[in-house]
Amino acid sequence: MKQFSAYIAVAIMLFIAGPVIAEEKTAPVRMGAGAMTFDTVPGWGLDEDGKSVLGPTHGAVVIDNDGNIYTSAQIGVFVFTPDGKVIRRFVGDEYSNIHDMEIREEEGVEYIYGARNVDAEGIKFNAQTGDIVLKLPFPEESGLALKKFSPTAITVAPNGDIILSDGYASNHIFKFDKTGKYLMHFGTKGNELKQFNTAHGMTLDTRYNPPRLLICDRNHEPKGRLLHYDLDGNYIDEVVTGLGMPTSVSVQGDFVSVPDLKGRVVILDKTNTIIAVLGHNPDAKAGRSFNVPQKDWVEGLFSGTHGSYWDKDGNLYVQDWNTSGRIMKLVRVN
């Protein structure tokens with residue numbers, strides 16, 4: 001009888017309290033078109049409490065041979081597994097403010113190359129241990145009397161030459177050999193055909209043989225554009241214009257992902273035709289905005305889109321320029 005009475009008491013309490021409602025979970029958002037269709041992965045990379053672990057982000061994304069994802073934040077570099085768990089990090093003064101990254105295997109060892117805008121240098125460090133093996137300060141031997149040096153992009157030629165763009169200052173692009181010896185520079189600031197107005201992002205365009213430099217001229221007027229240069233700094237052509245504010249480029253096979261600071265990622269094919277637009281933010285105040293706290297993030301809508309990278313399965317990882325630190329995984333839909 002006592003057991004029966006207990007059941008009655010519980011039933012009365014549930015009736016008074018009303019139905020139990022499960023915590024609502026964020027649903028994936030589908031975006032893109034055709035072969036470039038993706039689903040978001042809600043909560044990817046967040047901690048057990050659903051909070052970002054990164055702090056402010058103004059950086060890049062790369063992926064190593066094991067499929068681990070590296071993203072740079074203001075305080076350093078965080079390494080995630082494909083399911084969004086942090087497995088190591090490199091933080092502190094030597095790893096802070098890495099605005100752009102490339103990853104490269106050399107003699108069986110993977111290295112991260114970084115452009116540090118605030119700290120006025122390029123660096124190279126071991127992707128597993130964090131050991132810094134090379135630093136690239138402003139090359140005085142260039143003969144340039146620059147008052148400011150603020151690198152925004154870095155990439156590496158097949159022979160190991162390092163190309164570093166001074167995108168937030170002179171807009172010169174510097175070339176070093178693999179030991180860090182200055183070789184040459186090209187480019188200057190302006191809005192003419194062969195000038196850069198914020199040479200913000202850059203990578204090796206492996207869709208061509210020989211590979212070319214693919215450069216984001218973010219603030220070129222009237223609209224942002226991508227350019228091709230050869231590895232000796234000779235202009236080839238304009239790739240595409242009218243991109244808003246292209247911040248970086250990542251190549252996989254015939255495809256290129258181009259984050260746009262105004263809040264979207266554009267996908268180009270081998271002909272450099274736009275075939276998909278991802279995460280477009282229709283709110284002009286939210287697009288191109290650093291100050292969107294995590295509580296105001298909207299699944300499937302980007303804000304200050306800054307870095308991206310493809311994994312071996314064609315999934316994309318995208319970083320926003322963001323006060324709370326935002327990185328997103330987009331799973332390719334077959």
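The values are calculated or read from the model by the stated rules, or taken from the named source; none is laboratory data. No experiment lies behind these values; they were computed from the predicted model shown. Cβ placement follows ideal geometry from the backbone for every residue including glycine, while neighbour counts extend to all protein chains displayed. For the accessible areas, the whole protein counts, side chains as well, though only heavy atoms, and no ligand, DNA or RNA atoms are used. Shrake-Rupley method; radii C 1.70, N 1.55, O 1.52, S 1.80 Å.
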Which far-off residues, 5 or more places away or on another chain, put their amide H under 5 Å from the one on VAL333, with H placed in the peptide plane? THR37, PHE38, ASP39
Sorted list, accessible surface of protein heavy atoms, 1.4 Å probe, largest first, for ARG89, ARG212 is ARG89, ARG212
Amide H neighbours of ILE236 at under 5 Å, excluding residues fewer than 5 places away on the same chain, with H built from the backbone geometry, are HIS228, TYR229, ASP230
Determine the dipole magnitude for region 135-271: charges of +1 sit on the beta-carbon of Lys and Arg, -1 on that of Asp and Glu, nothing else is charged, the reference point is the Cα centre, and the result goes in debye to the nearest 20. 360
Neighbour net charge for VAL61 - beta-carbon separation under 14 angstrom, K R +1, D E -1: -3
Where the centre of each part is set by its Cα atoms, how far does region 196-215 sit from region 26-64, in angstrom? 25
Length gained if LYS181 through LYS295 is fully extended, taking 0.36 nm per residue and subtracting the Cα-Cα distance, is 36.4 nm
Quick check: Cα centre of region 109-185 to Cα centre of region 264-291, how many Å? 28
Residue by residue through region 60-76, what is 3J(HN,Hα) from phi via Karplus (6.51 cos²θ - 1.76 cosθ + 1.60, θ = phi - 60°)? Round to whole Hz and write x for glycine and proline. 9, 9, 9, 9, 8, 5, 8, x, 6, 9, 9, 9, 9, 10, 4, 8, x
For region 210-215, Karplus couplings with θ = phi - 60° (6.51, -1.76, 1.60), whole Hz, Gly/Pro x: x, x, 10, 7, 10, 10
Taking all protein chains together and a probe of 1.4 Å, list VAL41, VAL79 from the most accessible to the least accessible. VAL41, VAL79
Whole-Hz Karplus ³J(HN,Hα) for region 152-168, in order, using 6.51 cos²θ - 1.76 cosθ + 1.60 and θ = phi - 60°, x for Gly and Pro? 10, 8, 8, 8, 10, 6, x, 8, x, 4, 10, 10, 10, 9, 8, x, 9
In the chain the accessible area split gives carbon plus sulfur, as whole percent at 1.4 Å, a share of 52
With all protein chains present and a 1.4 Å probe, how do GLU110, GLU192 order by accessible area, largest first? GLU192, GLU110
Hey, can you find the accessible area per residue of region 245-334 for me, probe 1.4 Å, expressed in square angstrom? 39
